[in-house]
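Enquirer: What follows is a single structure, and I will ask about it in a moment.
The values are calculated or read from the model by the stated rules, or taken from the named source; none is laboratory data. In this text, all values refer to a predicted model and were calculated from it rather than measured experimentally. A quick note on method: Cβ atoms are made from the backbone with ideal geometry, for glycine too, and the neighbour counts reach across all protein chains shown.
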Amino acid sequence: MMIRTALAASATALVAACSSGPMMMKPYDQGMLPGAVQVPAGNKVAMETVGVGEITYECRAKAGAADQFEWVFVGPDARLLDRSGKQVGKYYGPPATWENMDGSKVTATQVAVAPAMAGSIPYQLVKANPAMGSGMMTGTTYIQRVATQGGVAPAMPCAAGNMGNKQIVKYQADYIFYKAM
């Protein structure tokens with residue numbers, strides 16, 4: 001009986017808390033990121049997304065070393081999901097383009113990268129170019145790629161015998177969009 005009463009009281013408190021208005025989202029914590037990929041002061045989080053998709057790599061001759069080969073990043077293809085899992089946009093390239101479902105989109109220039117956990121593409125900070133179209137991407141100043149999982153170049157050898165071959169690898173990353181305050 002006592003457990004039932006406690007559960008009922010907890011449920012009532014939860015319902016009351018949820019119905020008291022919209023929940024405030026905690027600002028994204030810059031302090032947990034390497035300094036190189038922290039967004040400059042004067043910007044605030046406008047949207048948080050999770051990119052889920054693929055990165056394509058191609059086996060090519062190394063620049064300036066015709067007898068050596070390497071996997072070269074070709075481009076991403078990912079769905080951008082909000083924190084509840086609903087698709088809100090897409091990320092593709094080249095050029096690297098983040099497009100919202102409302103049709104607005106933005107390209108950007110890389111500012112910095114920082115190592116992520118082994119087996120994952122690096123964290124990244126990019127400075128947004130002016131948005132195309134009107135919508136959620138309008139006014140975006142910076143985009144961070146954090147919480148990366150996977151996406152590194154294939155482990156299989158890249159050599160003359162497979163030059164030109166493409167490999168697709170799965171990845172996931174959080175893309176945090178900022179606007180000036």
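Condition check ((1) of a type in the set (D, E, K, R); (2) touching a helix residue (DSSP H, G or I) at 6+ places or on another chain (Cβ under 7 Å)) across all residues:
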{"position": "Gly119", "(1), (2)": "no, no"}
{"position": "Gln124", "(1), (2)": "no, yes"}
{"position": "Pro130", "(1), (2)": "no, no"}
{"position": "Thr141", "(1), (2)": "no, no"}
{"position": "Arg145", "(1), (2)": "yes, no"}
{"position": "Gly150", "(1), (2)": "no, no"}
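Enquirer: Go through region 108-121 and give me each residue that's surrounded by fewer than 19 Cβ atoms within 10 Å (Cβ to Cβ) and either assigned to a strand (DSSP E or B) or touching a Ser or Thr at 6+ places or on another chain (Cβ under 7 Å) (or both).
Expert: Across region 108-121, the qualifying residues are Thr109, Gln110, Val111, Ala112, Val113, Ala114, Ser120.
Enquirer: Next question. Please go through region 91-107 and give me each residue that is within 18 Å of Val169 (Cβ to Cβ) and either in contact with a Lys or Arg (Cβ under 6 Å, 6 or more places away or on another chain) or surrounded by 19 or more Cβ atoms within 10 Å (Cβ to Cβ) (or both), ordered by number.
Expert: Tyr91
Enquirer: Sticking with this one: Report yes if Ala78 is part of a strand (DSSP E or B) and modelled with pLDDT under 95, otherwise no.
Expert: no
Enquirer: Right, something else. Go through region 24-37 and give me each residue that's modelled with pLDDT of 95 or more and buried (at least 17 other Cβ atoms within 10 Å of the Cβ).
Expert: Val37
Enquirer: Of the residues Gly139, Gly85, Gly133, only one is farther than 18 Å from Glu48 by Cβ and either crowded, with 18+ Cβ neighbours inside 10 Å or not hydroxyl-bearing (Ser, Thr, Tyr) (or both); which?
Expert: Values: Gly139 fails: farther than 18 Å from Glu48 by Cβ; Gly85 fails: farther than 18 Å from Glu48 by Cβ.
Just one listed residue meets the conditions, Gly133.
Enquirer: Now for a separate question. If only one of Trp98, Trp71 is assigned to a strand (DSSP E or B) and more than 15 Å from the chain's Cα centre (by Cα), which one is it?
Expert: Values: Trp98 fails: more than 15 Å from the chain's Cα centre (by Cα).
Just a single option satisfies the conditions, and that option is Trp71.
Enquirer: Same structure, new question: Just to verify a result, which residue in region 53-68, among those that are at pLDDT 95 or above and among the hydrophobic types (A, V, I, L, M, F, W, C), is nearest to Ile168 (Cα to Cα)?
Expert: This residue is Ile55.
Enquirer: If we keep just the residues of region 114-127 that are in contact with a Lys or Arg (Cβ under 9 Å, 6 or more places away or on another chain) and touching a residue at least 40 places away in the same chain (Cβ under 8 Å), which is nearest to Ala153 (Cα to Cα)?
Expert: Within region 114-127, the match that is nearest to Ala153 (Cα to Cα) is Ile121.
Enquirer: When residues of region 152-161 are filtered for being touching a residue at least 40 places away in the same chain (Cβ under 8 Å) and closer than 28 Å to Pro115 by Cβ, how many remain? Quick ask: steps written out before the conclusion?
Expert: First, the residues of region 152-161 that are touching a residue at least 40 places away in the same chain (Cβ under 8 Å): 153-154, 158-160.
Retained after the next criterion (residues that are closer than 28 Å to Pro115 by Cβ): 153-154, 158-159.
Counting residues in region 152-161 that are touching a residue at least 40 places away in the same chain (Cβ under 8 Å) and closer than 28 Å to Pro115 by Cβ gives 4.
Enquirer: Would you please name the residue that is farthest from the chain's Cα centre (by Cα), looking only at residues in region 150-167 that are part of a strand (DSSP E or B) and either hydroxyl-bearing (Ser, Thr, Tyr) or over 30 Å from Met32 (Cα atoms) (or both)?
Expert: Applying the filter and picking the extreme gives Lys166.
Enquirer: For region 163-177, which residues satisfy the criterion of being of a type in the set (A, V, I, L, M, F, W, C) and under 21 Å from Arg79 (Cα atoms)?
Expert: Initially, region 163-177 is screened for residues of a type in the set (A, V, I, L, M, F, W, C), giving 163, 168-169, 173, 176-177.
Hits for region 163-177 are Ile168, Val169, Ala173, Ile176, Phe177.
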